[in-house]
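What follows is a short report on a single structure.
The values are calculated or read from the model by the stated rules, or taken from the named source; none is laboratory data. The structure displayed is predicted, hence computed values, not measured ones. Please note: Cβ atoms are built from the backbone with ideal geometry, for glycine as well, and neighbour counts cover all protein chains shown. All accessible areas refer to the heavy atoms of the entire protein, side chains included, with ligands and DNA or RNA removed. Shrake-Rupley method; radii C 1.70, N 1.55, O 1.52, S 1.80 Å.
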Amino acid sequence: IIETLINSVSSLLTKRRIRMSDWDDLFAAAAGEVVASIPAVDEAETGINLSTSSTSSTTPPSPSPPPPFMHKKKKRKKDKREGAATNYEKKRKGIDTNTRTSEADLFHTFLRSRINRVEEQAVDFPHWFHLGRSLCTKRSSSLFCSGYKKCNPSRASSTTTSSSSSSIDECEQCSLSPLYHSSEINIETMKNNDRSFLHSFALIRDIRCCCSCIFEIVAQSAASVEGNTMERQRKHDIEELLCNEKKEQAIELVKTAKYNAKELLGSITNLLPTGEREILEMKFQAVSRCCAILHSNMKRLLCKKITQQFKNNTVRKKKAKDNESSINTFWGGIFDELLNLMIKCDAAYYRLYYLQVAGCLPVLEDHKCEDVIHIPHPPNYFGTNNFTWNVSRGKDWKKDIVNKVRHSLGDIDAFNNMKRGKWRAILNPLGLTYNDHIIESLREDPVSRKQDPLSFMHENRFMEGLLVFWSSGWINSNQAENALSSVQNEKRSSPKGDHQQKFYEQHETIAPQILADWRDSCRDLLCNLYGYATIAPSTLLRIKNDLQNLDSVNNVVEMGAGTGYLAHLFDEEGFGITAFDVAPTVPLKCSSVMINEYHGLTQPFFDVKKGDEKQLRSFLKNQKHAHTTALLLCYPPPLSSMAEDMLSTFKSFGGRCVIHVGEFSGLTGSSKFQHLLQRDFKLVSRYDCLQWGTDSTEATIWWAWLK
């Protein structure tokens, strides 16, 4: 046993680290660098000291795991005031109405709510979250408001226009959207110090909203400039774009963000083990640093209260450098700093959410409305209009951009004659469809509305990216052109480093640094919390139809299932599926040190069993019907023999159908796996997955050649 533990720990500590932006430090604990986050193994029994030099010897133990469900029927006198509607609402949310709600019940209710319909998640703010005074605290500002009061629906309907934002969310006092108002948490919810993580979340949300508001102020000012707007934006002069009032508004919002960032550093909960607490503190410090830099540069560019001596010294010493930077920076560098702050806020939010999903933060019960209190799920946080960004305006922009594609084609006949497949590739990621090639009739695709959380987040993050980079004018700026040219020149030079580093650099997607950072922040952490493949609901339906048309394929076995998110989607479509992974994302009560290096302690969406090639062999042998079972391989790891081993074993037992989700000659599988697949199987179907700008993923179905 001791020898096995030594080998396991040694293997864990020497595993390669995937180069995925913020992923490494997010799951540093799971990879062995911060042992405090790994479920503790009793050193008294093993005699092995698992601590490292980077971790304090006084690290408190990890929080105790939630006990399993206990369905004990407890007799109690029914309260006559408790109506049937209340019981129904409890059951719908997963709360047992016959027993006292335990911590385990609350935790499992929270986990189940991750896969609620998107329409339920992205519809409104959490019940415990309220809107307060405006983010701008200067009373003389037109953005100031003493407190949010929801607009009367009758008044809103009479004032609604064709603008992107729905006026029904506007404040009755200031006519501003919730985006411009600060967060408030119910006082009853905050009675305990254990709830401080909710306060941290509220501060992160407010800082991010300050950035979204500044983007909106500058973008709207740029759009209202008379003359050639794009040429004006290419000058990158934020001082000329904004009038004095808008400058003051922007500076006041940055001041609020800086103040909240200082408060954020003191809001870290004491519930976390030392290792996890240190990682969270690093996230908060990164937010604070970005706020300080942004505040300093914003004052330098926009404030008029600068002494003449400071002006003369600055101009005289840096005249040539300023001329060069005016070409290579957008909004005087403020654009990059705003976007970096948003990225850091999102990283801090995802860290808090991951800690709650992992069971390190408690899920609370709100006795007043009989619901659970937790960090909002990503579809709720990013998908609810004006929670963190203007979603309605983003939806308008995605349609405008499709219209720009039409105009770029020039000839309307060329537009109408474009192949349907080409248009599908353009419109599907945006959740749009069209009727008889008439672009004016663009509408939301009804199939894409039945989205799972990950495909919804793909469209949502794509829309905000369009809003940030297009509405601001960055896409047409000299900075974008020069940065892309610079990256292309660097790409031509041969990559340096070991074989693994060269491999990842070779497959890295070319993009300006700020765009690459945004893209990675949108995708990487969602991959860790859900799964790596983002498959549209319509694609799942096509795969289901294809398997039904094949020769009696009625079961699926997935190897390398990770969190089981894709297995859950297949199960929802009616597939009989069994999922295995060499390191399942096990519950906290498990004392194994074999933590999944891709997903950490993210709790599974499906029952994923521990298993490798041996378990696949045993499964196929016991089932005795390998020819009716399809092998599913989703994002098999690169630089590994895993995919080819599974394929060879499956083929040796008479398996005939393979579903592969990933890239060819890319970041999934190996060249030997691809050779075996093409040699022994024929391609039956091929579908594009939803892509994030860093991948070219497809879902392919293969059928064994008859001999």
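State the number of residues belonging to segment 268-291 that are open to solvent by 10 Å² or more (accessible area, probe 1.4 Å), outside any helix (DSSP H, G or I) and among the polar types (S, T, N, Q).
1
Is it the case that segment 616-626 has a residue that's in contact with an Asp or Glu (Cβ under 6 Å, 6 or more places away or on another chain), within 25 Å of residue 677 (Cα to Cα) and modelled with pLDDT of 90 or more? Reasoning before the result, please.
To start, the set of residues in segment 616-626 that are in contact with an Asp or Glu (Cβ under 6 Å, 6 or more places away or on another chain) comprises none.
Looking through segment 616-626, none of the residues is in contact with an Asp or Glu (Cβ under 6 Å, 6 or more places away or on another chain), within 25 Å of residue 677 (Cα to Cα) and modelled with pLDDT of 90 or more.
Do you know which of the residues in segment 604-619 that are charged (D, E, K, R) and in contact with a strand residue (DSSP E or B) (Cβ under 9 Å, 6 or more places away or on another chain) is most open to solvent (accessible area, probe 1.4 Å)?
610
Would you mind finding the one in 614, 624, 651 that is of a type in the set (D, E, K, R) and either touching a Ser or Thr at 6+ places or on another chain (Cβ under 7 Å) or touching a residue at least 24 places away in the same chain (Cβ under 8 Å) (or both)?
651
Just for segment 693-707: of the residues that are within 24 Å of the chain's Cα centre (by Cα) and within 17 Å of residue 566 (Cα to Cα), which one is surrounded by the most Cβ atoms within 10 Å (Cβ to Cβ)?
697
For segment 245-267, which positions are part of a helix (DSSP H, G or I) and either open to solvent by less than 10 Å² (accessible area, probe 1.4 Å) or free of Cβ contacts under 8 Å to residues at least 40 places away in the same chain (or both)? First the steps, then the outcome.
Of all residues in segment 245-267, those part of a helix (DSSP H, G or I) come to 245-265.
Within segment 245-267, 246, 249, 250, 253, 254, 257, 258, 259, 261, 262, 264, 265 meet the criteria.
Could you give me the residue pairs with C-beta distances under 7 Å whose first residue belongs to segment 561-578 and is within 16 Å of residue 534 (Cβ to Cβ), whose second residue is among the hydroxyl-bearing types (Ser, Thr, Tyr) and open to solvent by 10 Å² or more (accessible area, probe 1.4 Å) wherever it lies, and which are 6+ apart or on separate chains?
562/598
Anything in segment 205-220 that is in contact with a strand residue (DSSP E or B) (Cβ under 7 Å, 6 or more places away or on another chain) and not acidic (Asp, Glu)? List them, or say none.
Passing the criteria: only 205.
Considering only helices (runs of 4 or more DSSP H) fully contained in segment 440-510, which possess at least 3 residues that are over 23 Å from the mean Cα position of the chain (by Cα) and modelled with pLDDT under 85?
Working: elements: 453-471, 478-492, 499-506.
Of the helices (runs of 4 or more DSSP H) lying wholly inside segment 440-510, those with at least 3 residues that are over 23 Å from the mean Cα position of the chain (by Cα) and modelled with pLDDT under 85 span 478-492, 499-506.
Can you tell which of 325, 296 is out of contact with any Cys (no Cβ under 6 Å at 6 or more places or on another chain), modelled with pLDDT of 85 or more and part of a helix (DSSP H, G or I)?
Result: 296 is the single residue among 325, 296 that is out of contact with any Cys (no Cβ under 6 Å at 6 or more places or on another chain), modelled with pLDDT of 85 or more and part of a helix (DSSP H, G or I).
Could you grab me the full set of residues in segment 114-136 that are touching an Asp or Glu at 6+ places or on another chain (Cβ under 9 Å), within 17 Å of residue 383 (Cα to Cα) and among the aromatic types (Phe, Trp, Tyr)?
Within segment 114-136, 129 is the sole residue that qualifies.
Limited to segment 568-595, what total is found for residues that are modelled with pLDDT of 85 or more and either β-branched (Val, Ile, Thr) or over 21 Å from residue 452 (Cα atoms) (or both)?
8
Taking the conditions exactly as written (crowded, with 17+ Cβ neighbours inside 10 Å, among the charged types (D, E, K, R) and more than 26 Å from residue 200 (Cβ to Cβ)), does residue 398 satisfy them or not?
Yes, satisfied.
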